[in-house]
1. Once phi is turned into ³J(HN,Hα) by the Karplus curve 6.51 cos²θ - 1.76 cosθ + 1.60 with θ = phi - 60°, what whole-Hz value does each residue of region 23-40 show in order, with x for glycine and proline?
2. Can you sort TYR48, TYR56 by solvent-accessible area, 1.4 Å probe, largest first?
3. Of ILE55, ILE61, ILE18, which has the most accessible area with a 1.4 Å probe, and how do the rest follow in descending order?
4. Provide the gained length on full extension for the span LYS69 to ASP41, in nm with one decimal, where the gain is 0.36 nm per separating residue minus the Cα-Cα distance.
5. Scan around LEU26 for amide H atoms under 5 Å from its own, H built in the peptide plane at 1.01 Å from N, and keep only partners 5 or more places away or cross-chain.
6. Leaving ligands, DNA and RNA out of it, report the carbon-plus-sulfur percent of the accessible area of region 18-93 at a 1.4 Å probe.
7. In nm, what is the difference between 0.36 nm times the number of residues separating THR53 and LYS82 and their Cα-Cα distance?
8. For the full complex of protein chains and a 1.4 angstrom probe, list SER33, SER39 by accessible area with the highest value first.
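The values are calculated or read from the model by the stated rules, or taken from the named source; none is laboratory data. Since the structure is predicted, the reported quantities are computational estimates derived from the model, not experimental observations. What goes into the accessible areas is simple: the full protein's heavy atoms, side chains included, and nothing from ligands, DNA or RNA. Shrake-Rupley method; radii C 1.70, N 1.55, O 1.52, S 1.80 Å.
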Amino acid sequence: MMMKENLQDQVELIMKIIIGRVTKDLETKTTGSGTPFVSFDVAENIGYGEKATTIYHRCAIFGEDLVNKIVNAKVKKGSFLKVVGGQKLDAYI
């Protein structure tokens, strides 16, 4: 069994489906290497009644084709979305 000494180096990738509403308008940006990306938050409602809660997810889409696709779909604050992709979890100590 191999163990890492630094837990911050351990990263886990999980496939996730999020269905919820966009909390603010999309922000289109470019990385230092010139790759366009869009970042946005999605509010996902879980449960119902007294046990209802909302989970907020920070999402990012990378690549010119995907960025153009979501921008052309006119996604904005309040839009209902289904997001499918990888969720990156980092360990914090």
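1. 8, 7, 4, 5, 10, 8, 9, 10, 6, x, 8, x, 7, x, 8, 10, 10, 7
2. Details: TYR48 190, TYR56 155 Å².
Of TYR48, TYR56, the descending order of accessible area is TYR48, TYR56.
3. Details: ILE55 70, ILE61 40, ILE18 15 Å².
The residues order as ILE55, ILE61, ILE18, largest area first.
4. Values: separation 28, 0.36 × 28 = 10.08 nm, distance 1.73 nm.
Between LYS69 and ASP41, full extension yields 8.4 nm more.
5. Residues meeting the amide H criterion: LYS77.
6. Working: 2940 of 5600 Å².
Carbon and sulfur atoms account for 53 percent of the accessible area of region 18-93.
7. Numbers: separation 29, 0.36 × 29 = 10.44 nm, distance 1.82 nm.
So the extension gain works out to 8.6 nm.
8. On the way: SER33 105, SER39 20 Å².
Largest accessible area first, the residues go SER33, SER39.
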